Amino acid sequence: MTNEQILKKAIEKAVKGGYSKSQAKAFYEVLEEFSDSPATNKCFVIALIFSHDFAKHFWGEDWVCDCCGEKSCWEGNTQCNRYRNAGVLTLWEFQLQQMILKAEPLQYLVQFLNEQAIAKAEGGDK
Ligand SMILES: [Zn+2]
């Protein structure tokens, strides 16, 4: 996927998760306005994907283990060997912490954009 495709799919997923459609539209308008300035565009994209509002709707607010990021950690159903001492975070907080360490944060989103991941986020298995 190109960065443009990743961005488009990521925004679609966040909107499905309740992110404001008008905010998404405003974002595209700003991006269009600065289309001749790749560096400025990149700044806008980074600002969007790291915004708490966007992340909440992209990943959701389920509680997860702050060590491994899994919900099932409390059930002992995990490889995480710190689960007994680990705290909790919301999933979006956990994922933002992971993404900040990536050289290409937009690429980090790809793993959450396949159809199965989207179905899971919507609460179905099919
Ligand atoms: Zn864990």
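Ile6 sits among other residues whose Cβ lies under 12 Å from its own Cβ, and their net charge, with Lys and Arg +1 and Asp and Glu -1, is 0. Counting Lys and Arg as +1 and Asp and Glu as -1 over every other residue whose Cβ lies under 14 Å from the Cβ of Pro38, the net charge comes to -3.
If we count every other residue with Cβ under 12 angstrom of Val64's Cβ, Lys/Arg +1 and Asp/Glu -1, where does the sum land?
Net charge around Val64: -4.
Over 25 Å apart at the Cα level, from the set Lys9/Lys42; Lys21/Lys71; Lys13/Lys42; Lys21/Lys102; Lys9/Lys56, are Lys21/Lys71; Lys21/Lys102.
The numbers here are math on the coordinates, done by the rules we state, and not lab data. As the structure is a prediction and not an experimental result, all values here were calculated from the model. Don't worry about glycine lacking a Cβ; one is built from the backbone with ideal geometry, like all the others, and counts go over all protein chains shown.
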